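Some notes on the structure that comes next.
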Amino acid sequence: MPHVAPPALPVVYDARARCVTFFSPALGLSRSFYIYIPPDVDDDHPAPALYLLRGHEREWINPFEDSSRGGRNVIDVYEAQRAAGRIAPLVLVFPGTSSDDNRIPGMLLNMRAPHLAYGASGIGSGRFADYFFHDLIPYVESHFPVIAGGRARGIVGFSLGGAMALSVAARRPDLFACAGAYDGTFLYACNRGRSIRKRDRVVANPIFDAAYGVPRDRAFVAQHNAANLILRGNREALARITWIVAYGPESQEPWQSNYYRGEHLLACLRARGLANALDNPALPDGDHSWRTADRFMNLTLPLYDRALRQESLRAPDCVRHP
């Protein structure tokens with residue numbers, strides 16, 4: 001009989017995080033995510049979920065994702081905060097939001113031109129918004145000890161993950177108690193939030209061909225850009241979210257900081273009378289690295305925890321799905 005190779009096992013980036021693969025009806029294929037469940041969380045003691053975004057599902061938990069990280073990751077940050085008594089239990093969820101090779105970002109929207117991914121593995125139908133809202137969140141809440149229903153969820157991201165996190169929260173403020181971004185790659189909103197800046201080098205990048213279409217569907221992009229959504233969204237609903245935004249210093253522009261994009265996003269929040277939970281959003285000595293992204297999480301985990309605890313108290317009847 002011909003030799004048949006066994007299926008490849010997932011790479012173990014951190015033994016504390018479980019790799020889960022499930023079928024997504026929206027994408028029409030199987031996708032993987034990692035999940036970290038603290039030892040004191042179980043079916044009888046569920047916890048709020050914090051979703052952490054970047055591109056590939058490994059990035060937040062890979063201690064060597066870049067050379068700056070020094071063999072540590074965000075789970076180490078979380079466990080140090082727990083050991084110090086600064087936060088209560090949180091389940092950390094790490095979804096994949098890109099092609100399997102991390103070259104084509106899904107942007108957590110239903111792609112305008114998924115055929116321009118040219119069959120890249122992990123893209124499928126390109127309906128990443130439907131995947132996230134209708135497949136992933138319900139799957140997590142029906143299979144793991146997290147508080148389901150209500151808004152006992154948080155979302156945070158780094159770089160493009162930050163842009164996705166704030167976009168997702170602004171699109172569905174009914175689902176999240178808090179939303180954060182470190183050095184988010186936000187697009188500039190124009191015309192009171194009705195459009196985006198035409199000459200934005202980020203929008204023109206070919207990696208977004210599948211997500212935004214060719215030529216670019218600028219109205220579609222504006223409909224999914226965090227700054228536009230904040231300027232145009234329901235203020236009362238947006239005000240229920242704790243916004244947590246930071247970025248690298250101006251001195252690190254343009255290659256190691258999204259300072260100006262972060263400043264623009266905060267200006268949009270202020271225009272709606274919405275506050276940033278951080279008084280000093282430009283992190284001193286920060287840069288566009290995992291070292292600083294982890295430092296951001298160390299600074300802000302108590303803010304997510306506080307917002308999620310308050311939301312859990314508002315919805316005491318929320319339980320795990322059967």
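The values are calculated or read from the model by the stated rules, or taken from the named source; none is laboratory data. Keep in mind the model is a prediction, meaning the values are calculated, not measured. In case anyone asks, the SASA skips ligands and DNA or RNA and just uses the protein heavy atoms, side chains included. Shrake-Rupley method; radii C 1.70, N 1.55, O 1.52, S 1.80 Å.
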(message) How high is the relative contact order of the range 234-322? Use alpha-carbon pairs under 8 Å, at least six apart in sequence, and give a whole percent.
(response) 32 percent
(request) Could you please state how large a percent of the accessible area of the chain is carbon and sulfur, counting protein chains only and using a 1.4 Å probe? (result) 52 percent
(message) For a quick check: with amide H placed at 1.01 Å from N, whose amide H comes under 5 Å from residue 146's, ignoring anything fewer than 5 positions away on the same chain?
(response) 47
(message) Let me make sure I get this right: for the range 81-223, a, b and c are the square roots of the gyration tensor eigenvalues over alpha carbons, sorted descending. Under 1.5 in a/c it's rounded, otherwise prolate if a/b > b/c, else oblate. Which is it?
(response) prolate
(message) Amide H of residue 282 versus every other amide H placed in the peptide plane: which residues, excluding those fewer than 5 positions away on the same chain, fall under 5 Å?
(response) 247
(request) With a/c under 1.5 counting as rounded, go ahead and sort the range 34-113 into rounded, prolate or oblate using the C-alpha gyration tensor (a ≥ b ≥ c being the square roots of the eigenvalues; past the cut-off, prolate if a/b is larger than b/c, else oblate). (result) oblate
(request) Determine the shape class of the chain: with a ≥ b ≥ c the square roots of the Cα gyration tensor eigenvalues, call it rounded for a/c under 1.5, and otherwise prolate if a/b is greater than b/c, oblate otherwise. (result) rounded
(request) For the chain, calculate the relative contact order in percent as a whole number, restricting contacts to Cα pairs under 8 Å that are 6 or more residues apart. (result) 19 percent
(message) Please report, ordered by residue number, every helix of the chain (full DSSP H runs) that is 20 Å or longer along its axis going by C-alpha atoms and whose mean Kyte-Doolittle hydropathy reaches -1.0.
(response) 290-314
(message) For residue 123, what residues show an amide H to amide H distance below 5 Å, using hydrogens built from the backbone and excluding near sequence neighbours?
(response) 100
(request) Determine the per residue accessible area of the chain with all protein chains present and a 1.4 angstrom probe, expressed in square angstrom. (result) 44 Å²
(request) Output the antiparallel fraction of DSSP beta bridges having both residues in the chain, as a percent to the nearest 5. (result) 45 percent
(message) What percent of all Cα-Cα pairs in the range 177-292 falls into each 5 Å bin, going from 0 up to the bin containing the maximum distance?
(response) 2, 12, 21, 21, 20, 16, 8, 1
(request) Starting at the first residue of the range 42-49, write each ³J(HN,Hα) from the Karplus equation 6.51 cos²θ - 1.76 cosθ + 1.60 with θ = phi - 60°, in whole Hz, x for Gly and Pro. (result) 8, 4, 7, 9, x, 10, x, 10
